[in-house]
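Here is the structure we will look at, set down as structure tokens.
The values are calculated or read from the model by the stated rules, or taken from the named source; none is laboratory data. From a predicted model like this one, the values you see are computed outputs, not experimental measurements. Please note: Cβ atoms are built from the backbone with ideal geometry, for glycine as well, and neighbour counts cover all protein chains shown.
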């Protein structure tokens, strides 16, 4: 096996193990890692939304960015860059988040949910692959967000410094943050342990270029499946781990922090996958690139955090299935506003795809 | 994406050699991997903050 395949395989296995460990240590079920959920929790912790059940300063996000930054610095790959359609990236990031929260998870959590036996994630995966397929059609037609340019180091350091600031503030004065006392936000692994685990995963993701979107995109466009090794490794590791730990539960109904409204699981992840292809990587990859000094990806992450806040302020996010007092399954799903937001997101992503493909075609002659 | 531009060029004109300038390490890796799968060897030179890749038909 080639070294780069081995590296991405190792990163995938470690990410899967980390997800299992974080869940055992206190994170919500099937949510060892979830970039969308954890950015949403941070948005809540700083008061950008007031959904009381999803507010916490998630050290996993801080650790991923800082782990990537330190590793990139050591490897000589830390490069401050920006200027590639930052405003459009902000909007695409926000809609990618709205799509992910309609499904109740980012692409990484989708893989983790698959490994837990949540069949709604199969529906999500179909939508995700469809979104990536549509996105690649536009990339082939010349879609571009234009090139980035070398920037000042201060520009490239924005997200790592924000994360460092968040870490210092949370350790020094946790009372200033809004922190959930019930619900998913209240379930978390010990702070410093989760931070340490995320630092390692951030480092591995930086070295391996691990990306949930990249694997499917590169396979569709170039027949290059090497990033899929990471995707597959996370799935197999989580699956085996859940089977050993007797946490595997196959089915659609009442899965942990998930709903079985199939159409909106599908369309939510179609929106997320499509937007992420245009952005050049999944939400995890955006964090890693922002750690490496990419100011455009920092803007994307900030767009995702704002998208998460909007999703909860306007009740756009999915509601999990539940079981009522009579023991009957109450199917969750998304509100009418959420459905409109997902459809609006698909329309916006289509418009950006069309207009920026024409731009690319003109530029390339 | 630079690798898409390389893919189009290799498919349309099937050159014996192709010189590509990129400014991103990941683009270097992507192009090197794709070129290898198409039967090209790749020589990479670092020029300041940019990279020059020379693809040659094997």
Please state which of the following conditions residue A:232 fails to meet, knowing it meets all the rest: (1) touching a residue at least 24 places away in the same chain (Cβ under 8 Å); (2) buried (at least 24 other Cβ atoms within 10 Å of the Cβ); (3) out of contact with any strand residue (DSSP E or B) (no Cβ under 9 Å at 6 or more places or on another chain).
(2)
Go through the stretch A:318-334 and give me each residue that's more than 18 Å from residue A:29 (Cβ to Cβ), assigned to a loop (DSSP other than H, G, I, E, B) and touching a helix residue (DSSP H, G or I) at 6+ places or on another chain (Cβ under 7 Å).
A:334
Among the residues of the stretch A:292-308, is any within 18 Å of residue A:38 (Cα to Cα), within 14 Å of chain B (Cβ to nearest Cβ) and in contact with a helix residue (DSSP H, G or I) (Cβ under 8 Å, 6 or more places away or on another chain)?
yes
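Return yes or no: is residue B:37 within 11 Å of chain A (Cβ to nearest Cβ) and loosely packed, with under 15 Cβ neighbours inside 10 Å?
In short, yes.
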Restricting attention to the stretch B:1-27, which residues are more than 11 Å from chain A (Cβ to nearest Cβ) and either assigned to a strand (DSSP E or B) or buried (at least 19 other Cβ atoms within 10 Å of the Cβ) (or both)?
B:17, B:18, B:19, B:20, B:21
Tally of residues being facing chain B (nearest Cβ under 10 Å) and surrounded by 24 or more Cβ atoms within 10 Å (Cβ to Cβ) across the stretch A:212-225:
2
Take residue A:335 and tell me if it is surrounded by 20 or more Cβ atoms within 10 Å (Cβ to Cβ) and more than 19 Å from the chain's Cα centre (by Cα).
no
Given the criteria within 14 Å of another protein chain (Cβ to nearest Cβ) and within 15 Å of the chain's Cα centre (by Cα), does residue A:112 qualify?
no
Taking the criterion of being in a helix (DSSP H, G or I), surrounded by fewer than 22 Cβ atoms within 10 Å (Cβ to Cβ), within 17 Å of the chain's Cα centre (by Cα) and modelled with pLDDT of 95 or more, would at least one residue in the stretch A:153-162 satisfy it?
no
Between B:32, B:49, which is touching a strand residue (DSSP E or B) at 6+ places or on another chain (Cβ under 8 Å), loosely packed, with under 14 Cβ neighbours inside 10 Å, under 24 Å from residue A:281 (Cβ atoms) and within 12 Å of chain A (Cβ to nearest Cβ)?
B:49
The stretch A:127-152 - residue that is closer than 14 Å to residue A:354 by Cβ and part of a helix (DSSP H, G or I) and, of those, nearest to the chain's Cα centre (by Cα):
A:135
